[in-house]
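Only one structure is covered here, and it is reproduced in the block below.
The values are calculated or read from the model by the stated rules, or taken from the named source; none is laboratory data. The structure displayed is predicted, hence computed values, not measured ones. We place every Cβ from the backbone using ideal geometry, glycine too, and count neighbours over all the protein chains shown.
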Amino acid sequence: MSATIIDGKAFAAKVRAQVADEVTKLKSEHNITPGLAVILVGEDPASEVYVRNKGKQTVEVGMNSYEHKLDASTSEADLLALIDQLNNDPSVHGILCQLPLPDHLNEDLVINSIAPEKDVDGFHISNVGLLGTGQKSMVPCTPLGCLMMLRDHHGSLSGLNAVVVGRSNIVGKPMANLLLRDSCTVTIAHSRTKNIEEVCRAADIVVAAVGRPEMITGDWIGKGATVIDVGINRIPAPERGEGKMRLVGDVHFDSAKEVAGAITPVPGGVGPMTIACLLANTLTACARANNLPEPEGLTA
Ligand code: NDP
C-alpha cells in the first residue's frame, strides 16, 4: 500500500494564510505591523534566491520587509553595527542573517549579536539553551515546520519512537529537542551510528536530515512509519536533457512510500514550510514584543 503524501506546499499555504489573518488583526486592533529584516552579505546565488523569496512572502502576508544587502567585503564591525541598529529598531521584530557568511566573518559572533527575542532563525545560543531546557524560545524554522506537520498528521506524538538522522545544530539537534518536548522517545542517528538501518526500521517517525541524496531507502523504514524528508539535494537528471538537474531528498521516495504510512515529498514537503515558519516566528516575536497573546498553533 502506498503512503499518504504529506503536502508541505498546501500546509505552508495554510500557515501563511493564518499568519496573514493575524497580521490583519494586529494592524486593525493594535496598529502594529510586524517587521522582518533580512541581511545578505555577498552575492551567493542560492542565498539571493532565498532572500528574494523571503522578502516576497513577508510582504504577501502583510508584514514589512527590510532587506539589507551588503558587499562581500563588509567588515565584521560594520555588520555588527547594522545588527545593533536593527536590535534597537522597534519596527523590526525579526532579524535574520542569511548563512553562510563570507569566510572573514565569524558566524557564531554575528548570530549571537542578534537580540535573542528577534532571532527568528532560533540559532542564538540563548534560544538553543532555552529550547534544550524546554523553555519558551525562538525555534529554528525547518524543525518547527517538521513538528507542525507531524502534529497535524498524528495529533499527539506522545510515546512514539522517533529517529532523527543527522545531528546538525540547525536541523538535527533542535528537531530532536522538539520531539522530546512532545514526549517522543528520541534517538539521534549520525555517521557513526551502528546498524543505522535497524535503528530507523524500529521507529514510528523517521526525520532525515543528512544531506545525502536518497540514502534512506524503503528497507530502512518500518511498516506504517511517518517519514519526514528534510534533505534538499540537486542531482544530475540526464533524462531531462544535457546538464539538467533535479531535486531529491535524503530519502529514496519511490521505495520508502511503499512501506511508510505517510511521507513528505521533495520538492513540496519540508522546503515550503521553512519560510512559512519564518513568518510564523516573526509574528510570534512581534506578539511577545508587544505583550500580546501568541497566535495558536504557530509555535512549538
Ligand atoms: P549537515 O551537513 O550539517 O549535517 C548532516 C548530518 O548528517 C550530520 O550530523 C552527519 O553526521 C549526518 N550524516 C552524514 N552522512 C551520514 C551517513 N552516511 N549516515 C548517517 N548520518 C550521516 O546538514 P544539515 O543538517 O544542515 O542539512 C541536512 C539536509 O537538510 C541537507 O540536504 C540540507 O540541504 C537540508 N536542509 C533543508 C532545509 C529545508 O528548508 N528543507 C533547511 C536546512 C537544511 P556526523 O555529524 O556524524 O557527520
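Per-structure values
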| read-out | value |
| --- | --- |
| Lone unmet requirement of (1) within 16 Å of the ligand (Cβ to nearest atom); (2) in contact (Cβ under 8 Å) with a residue 40 or more places away in the chain; (3) in contact with a strand residue (DSSP E or B) (Cβ under 7 Å, 6 or more places away or on another chain); (4) closer than 30 Å to Met63 by Cα for Ala276 | (3) |
| Unmet criterion (only one of (1) assigned by TED's automatic domain parsing to the domain that holds Val165; (2) part of a helix (DSSP H, G or I); (3) surrounded by 22 or more Cβ atoms within 10 Å (Cβ to Cβ); (4) away from the ligand (no atom under 16 Å from the Cβ)) for Asp254 | (3) |
| Every residue from segment 153-204 that is charged (D, E, K, R) and either away from the ligand (no atom under 14 Å from the Cβ) or crowded, with 21+ Cβ neighbours inside 10 Å (or both) | Arg181, Asp182, Arg201, Asp204 |
| Which numbered condition Leu279 misses (of (1) in contact with a Pro (Cβ under 9 Å, 6 or more places away or on another chain); (2) aliphatic (A, V, I, L, M); (3) surrounded by fewer than 23 Cβ atoms within 10 Å (Cβ to Cβ)) | (3) |
| Subset of segment 109-129 that is away from the ligand (no atom under 15 Å from the Cβ) and of a type in the set (Asp, Glu) - its residue that is nearest to the chain's Cα centre (by Cα) | Asp119 |
| Neighbours by Cβ (under 6 Å, 6+ apart or cross-chain): first from segment 84-97, assigned by TED's automatic domain parsing to the domain that holds Asp108; second among the polar types (S, T, N, Q) and assigned to a helix (DSSP H, G or I) | His93/Thr282; Gly94/Thr282 |
| Complete set of residues in segment 211-248 that are part of a loop (DSSP other than H, G, I, E, B), within 11 Å of the ligand (Cβ to nearest atom) and of a type in the set (A, V, I, L, M, F, W, C) | Met215, Val230, Ile232 |
| Strands (runs of 3 or more DSSP E) lying entirely in segment 28-124 (those with 3 or more residues that are buried (at least 19 other Cβ atoms within 10 Å of the Cβ)) | 35-41, 94-97 |
| Boolean, Pro267 is more than 10 Å from the ligand (Cβ to nearest atom) and of a type outside the set (Lys, Arg) | no |
| Verdict on Val15 being closer than 30 Å to Ala225 by Cα, in contact (Cβ under 8 Å) with a residue 40 or more places away in the chain and part of a helix (DSSP H, G or I) | yes |
| Segment 1-12, subset outside any strand (DSSP E or B) and touching a Lys or Arg at 6+ places or on another chain (Cβ under 8 Å), residue farthest from Asp89 (Cα to Cα) | Ser2 |
| Sole exception among (1) in contact (Cβ under 8 Å) with a residue 24 or more places away in the chain; (2) small (Gly, Ala, Ser); (3) within 11 Å of the ligand (Cβ to nearest atom) for Gly132, by number | (3) |
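Results for (1) at pLDDT below 95; (2) assigned by TED's automatic domain parsing to the domain that holds Gly55; (3) of a type in the set (D, E, K, R), shown as yes or no for each residue.
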{"position": "Thr4", "(1), (2), (3)": "no, no, no"}
{"position": "Asp7", "(1), (2), (3)": "no, no, yes"}
{"position": "Ala10", "(1), (2), (3)": "no, no, no"}
{"position": "Ala17", "(1), (2), (3)": "no, no, no"}
{"position": "Ala20", "(1), (2), (3)": "no, no, no"}
{"position": "Val23", "(1), (2), (3)": "no, no, no"}
{"position": "Gly35", "(1), (2), (3)": "no, yes, no"}
{"position": "Ile39", "(1), (2), (3)": "no, yes, no"}
